[in-house]
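The values are calculated or read from the model by the stated rules, or taken from the named source; none is laboratory data. What you see is a predicted model, and the numbers here were worked out from it, not measured in a lab. Every residue, glycine among them, receives a Cβ derived from its backbone with ideal geometry; neighbour counts consider all protein chains shown.
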Amino acid sequence: MLGSTYGTFTTDPRRAHVVACGEAPAPAVHGQAATADDLDVSGRPLHADIPDLDRFFCPESVAVIGASDAEGRPNTGITRQLMDWAERGGTRLYPVHPTRRSVFDSPCFPSVADLPEQVDLAVLLVSDPLPVIEELADSKVKFAVAFASGFAETGAEGAAAQARLAAAVERSGLRLLGPNTNLNAFEMFRDDLEGPAIALITQSGHQGRPVFTMQELGVRLSHWAPTGNEADLETADFISYFAERPEVGAIACYVEGLKDGRSFLLAADRAAQRGVPVVAVKVGRTETGARMAASHTGKLTGADTVVDAAMRQYGVIRVDGLDELQDTSALLARARAPQAEGVVVYSISGGTGAHFSDLATEAGLRLPALSEAKQAELHQWIPDYLNVANPVDNGGHPVGDWRGRKIIDAILDDPEVGVLICPITGPFPPMSDKLAQDLVDAAEQTDKLVCVVWGSPVGTEEAYRTTLLGSSRVATFRTFANCITAVRAYLDHHRFTTRYRSPFAEAPRTPSPSFRKAQALMRPGQQLSEHAAKQLLRAYGIRVPREQLVTSAAAAVRAAGLVGYPVVMKASGARLAHKTELGLVKVGLTSASQVRDAYRELTDIARYEGVALDGVLVCQMVERGVEMVVGVTQDELFGPTVTVGLGGVLVEVLRDVAVRVPPFGESQALAMLSELRGRPLLDGVRGAPPADVDALVEVVLRVQRMALELGDDLAELDINPLMVLPRGQGAVALDALAVCR
């Protein structure tokens with residue numbers, strides 16, 4: 001774990017409460033009602049409100065509705081916990097119960113309306129919070145927490161109850177956390193830890209506990225938002241709020257389901273613009289995980305491929321385990337921006353250095369060879385027979401004396417080096433004690449990142465517990481894998497935010513001239529024929545082959561003469577999706593007789609298969625290029641998404657595709673291509689010329705514009721194959737399928 005200075009809890013309870021709420025709260029930005037300029041051309045918002053959550057996290061007064069001190073009642077323990085928290089923090093707490101005169105010797109009020117003041121927050125310890133919402137609204141309560149379960153996580157009946165609760169909250173004007181949540185937001189946070197903090201968001205309170213306990217390793221936490229079922233306040237609200245907080249260095253999330261895809265992207269965009277890293281565990285990668293997530297929170301899990309792409313698109317760092325969430329968040333919260341991207345591995349063992357370097361290189365970290373001059377400098381203190389090119393093997397003994405610090409300083413002094421990683425697979429006192437101290441001392445005097453992997457399974461050694469964890473400048477890990485994951489995320493994050501530009505700033509707000517043409521071609525609830533689908537592409541300036549739609553053999557021969565031999569002939573019909581499998585495509589036709597025969601054969605097959613045709617397409621034959629696929633699908637969480645990948649008949653076998661959620665720009669379109677395993681095909685292989693990548697990117701961007709403008713009316717678009725011709729010759733959509741909603 002990444003460590004910081006140990007300390008004792010404050011003796012000033014009010015001070016502890018202020019720190020837990022966030023010292024010197026930053027002013028929140030309040031959104032206004034959406035206008036035309038706030039919506040993109042699809043009608044989706046381009047800006048997100050930043051909720052003013054200062055009084056939620058730092059209330060001056062709290063009402064506990066359903067408070068109890070009866071022995072054996074679940075509410076009793078919760079009431080006691082809240083009263084202790086309020087007492088330590090100086091918050092005024094009012095028990096509310098219709099039949100009790102007092103609770104734990106504190107006066108109890110029959111209703112919120114009877115309280116002596118307007119409270120900031122109401123904690124609802126009642127099984128059905130719905131009847132209380134209107135009462136809270138009348139009393140001008142700003143926030144409420146609904147502890148009760150039995151809502152969307154239980155099925156259709158519970159989902160309906162949650163929908164009624166959400167509607168009541170929306171009418172009331174208050175903001176609700178939950179239902180099916182807990183009181184993690186009102187834990188006591190340590191105030192003796194310095195530096196940027198982690199703000200934590202979890203849909204399951206238990207899953208946030210490991211991150212919260214990192215305070216005992218010296219890592220500062222500022223907030224914890226347990227969002228539960230998110231009937232009102234959601235993960236996106238808290239990301240937006242935390243991204244504006246000056247004390248927050250990173251946002252750690254445990255997400256089971258996203259309430260609204262666009263809200264999440266807008267929040268992630270805000271964090272990216274401000275350089276605040278967001279690290280997330282998102283469950284639902286597998287079918288089993290997705291089912292569990294839905295049963296627990298009642299949320300849409302979303303197609304995981306789309307979720308993964310959307311997170312990557314906006315710089316959200318997705319990790320798999322809670323241990324990775326802890327280590328990566330802690331490093332990103334506290335490490336300064338890298339001065340260089342080169343990583344040097346420094347160890348006392350050649351085997352350790354080689355092993356770690358293999359794993360780091362495989363993960364994509366850059367381990368540059370040190371210059372000959374730098375190697376000569378290191379050999380002043382390290383025997384000549386040891387390798388110091390990178391990894392640097394010191395042989396062991398130099399770490400035990402004055403040479404150890406010299407070596408570390410010399411490595412950090414190299415301008416190509418931004419990260420120094422020292423894997424220590426096990427303690428070997430007293431030399432390991434000296435090595436740990438030298439690393440800490442060097443880290444305190446450099447802006448570069450110094451990481452240590454303390455591999456001892458015991459973890460009670462003085463060098464680990466006191467020296468390493470006692471430093472806020474050394475990033476200390478327990479495993480090779482977590483160190484590599486965190487360092488890669490650290491470098492990726494800073495590279496991403498350095499060049500990040502919000503795609504929402506340039507998102508189209510008004511339809512293009514193509515939109516009117518495209519609208520006329522749409523047939524709600526129907527699949528378009530290939531001919532109509534290609535007209536849709538033409539409307540958006542996407543090139544298609546020369547072709548004509550014919551309804552007789554004689555017309556086919558005339559069309560072939562106009563198009564130019566050789567030609568391709570294809571059956572065209574509104575319900576025709578897989579023409580090749582049915583034998584409804586003929587290629588390489590070079591004469592009038594072949595065209596006549598092909599026409600008759602295609603129409604005979606169509607009659608036999610019972611396929612209605614609007615005609616037969618006689619098309620220009622385009623052979624030389626790389627077959628790609630570009631398409632649009634509708635994701636129930638994010639709306640229209642754009643896909644690009646290797647096309648042709650093997651598209652479903654290879655599944656080599658990349659996905660983005662509009663809006664996005666040219667840089668993201670290029671990044672999509674970089675994600676493809678088949679990307680080298682576009683550069684030319686086995687003597688083939690390089691493909692026209694610029695034309696491919698242009699098609700992706702035009703398809704994105706189509707997806708935005710046609711919005712939810714276009715259920716599916718598939719351009720396959722899109723033949724990408726040699727550089728400078730463009731790209732041609734040889735086939736297309738479009739389905740209208």
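Miscellaneous remarks
- Residue list for segment 459-498, restricted to those being within 25 Å of the chain's Cα centre (by Cα) and small (G, A, S): A475, A481, A486, A489
- Here segment 554-608 is the region considered, the condition is being touching a strand residue (DSSP E or B) at 6+ places or on another chain (Cβ under 8 Å), crowded, with 17+ Cβ neighbours inside 10 Å and among the charged types (D, E, K, R), and the residue that is nearest to Q526 (Cα to Cα) is K579.
- Residue check for R501: in a helix (DSSP H, G or I) and either at pLDDT 95 or above or within 28 Å of the chain's Cα centre (by Cα) (or both): no
- Yes/no for E530 being among the acidic types (D, E) and either surrounded by fewer than 16 Cβ atoms within 10 Å (Cβ to Cβ) or not assigned by TED's automatic domain parsing to the domain that holds K570 (or both): no
Results for (1) touching a Phe, Trp or Tyr at 6+ places or on another chain (Cβ under 6 Å); (2) of a type outside the set (S, T, N, Q); (3) outside any helix (DSSP H, G or I), shown as yes or no for each residue.
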| residue | (1), (2), (3) |
| --- | --- |
| A167 | no, yes, no |
| D192 | no, yes, yes |
| G195 | no, yes, yes |
| A199 | yes, yes, yes |
| R209 | no, yes, no |
| V219 | no, yes, yes |
| N229 | yes, no, yes |
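- Filter pass, N184 being surrounded by 24 or more Cβ atoms within 10 Å (Cβ to Cβ) and either out of contact with any Cys (no Cβ under 7 Å at 6 or more places or on another chain) or on the phi < 0 side of the Ramachandran plot (or both): no
- Here E547 fits the description: under 27 Å from A715 (Cβ atoms), crowded, with 19+ Cβ neighbours inside 10 Å and in contact with a Cys (Cβ under 8 Å, 6 or more places away or on another chain).
- For E709, the stated conditions hold: it is part of a helix (DSSP H, G or I) and within 22 Å of S529 (Cβ to Cβ).
- Looking across segment 109-125, the residues that are out of contact with any Phe, Trp or Tyr (no Cβ under 8 Å at 6 or more places or on another chain), over 20 Å from D54 (Cβ atoms) and in contact (Cβ under 8 Å) with a residue 24 or more places away in the chain come down to S111, V112, A113.
- Helices (runs of 4 or more DSSP H) enclosed by segment 349-456 - at least 1 residues per element that are over 26 Å from R495 (Cβ atoms), touching a Pro at 6+ places or on another chain (Cβ under 8 Å) and aliphatic (A, V, I, L, M): 350-362, 403-412
- Matching option when the condition is outside any loop (DSSP other than H, G, I, E, B) and in contact with an Asp or Glu (Cβ under 9 Å, 6 or more places away or on another chain), among V653, V629, V642, V595: V629
- Qualifying residues in segment 54-91 (those that are free of Cβ contacts under 8 Å to residues at least 60 places away in the same chain and touching a helix residue (DSSP H, G or I) at 6+ places or on another chain (Cβ under 7 Å)) - the one nearest to I133 (Cα to Cα): A67
- Complete set of residues in segment 231-261 that are part of a strand (DSSP E or B) and of a type in the set (G, A, S): G249, A250, A252
- Qualifying residue in segment 360-374 (condition: touching a residue at least 60 places away in the same chain (Cβ under 8 Å) and buried (at least 18 other Cβ atoms within 10 Å of the Cβ)): yes
- Criterion: of a type in the set (G, A, S) and touching a Pro at 6+ places or on another chain (Cβ under 9 Å) - qualifying residue of G728, G687, G647: G647
Each row is one residue, and each column tells you yes or no for (1) over 20 Å from Q339 (Cα atoms); (2) touching a residue at least 40 places away in the same chain (Cβ under 8 Å); (3) out of contact with any helix residue (DSSP H, G or I) (no Cβ under 6 Å at 6 or more places or on another chain).
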{"site": "Q380", "(1), (2), (3)": "yes, no, yes"}
{"site": "Y385", "(1), (2), (3)": "yes, no, yes"}
{"site": "D393", "(1), (2), (3)": "yes, yes, no"}
{"site": "R403", "(1), (2), (3)": "yes, no, yes"}
{"site": "S432", "(1), (2), (3)": "yes, no, no"}
{"site": "L435", "(1), (2), (3)": "yes, yes, no"}
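- Criterion violated by D327 - all others in (1) part of a loop (DSSP other than H, G, I, E, B); (2) within 23 Å of R495 (Cα to Cα); (3) more than 15 Å from the chain's Cα centre (by Cα) satisfied: (1)
- Any hit, segment 661-669, residues being closer than 26 Å to S42 by Cβ, at pLDDT below 90, assigned to a loop (DSSP other than H, G, I, E, B) and not aromatic (F, W, Y): no
- Among the residues listed as A146, A166, A161, A185, the single one being within 24 Å of P74 (Cα to Cα), in contact (Cβ under 8 Å) with a residue 60 or more places away in the chain and in the same structural domain as P59 (by TED's automatic domain parsing): A146
- Taken across segment 443-462, residues that are surrounded by 22 or more Cβ atoms within 10 Å (Cβ to Cβ), out of contact with any Leu (no Cβ under 9 Å at 6 or more places or on another chain) and in the same structural domain as V399 (by TED's automatic domain parsing) do occur, with at least one present.
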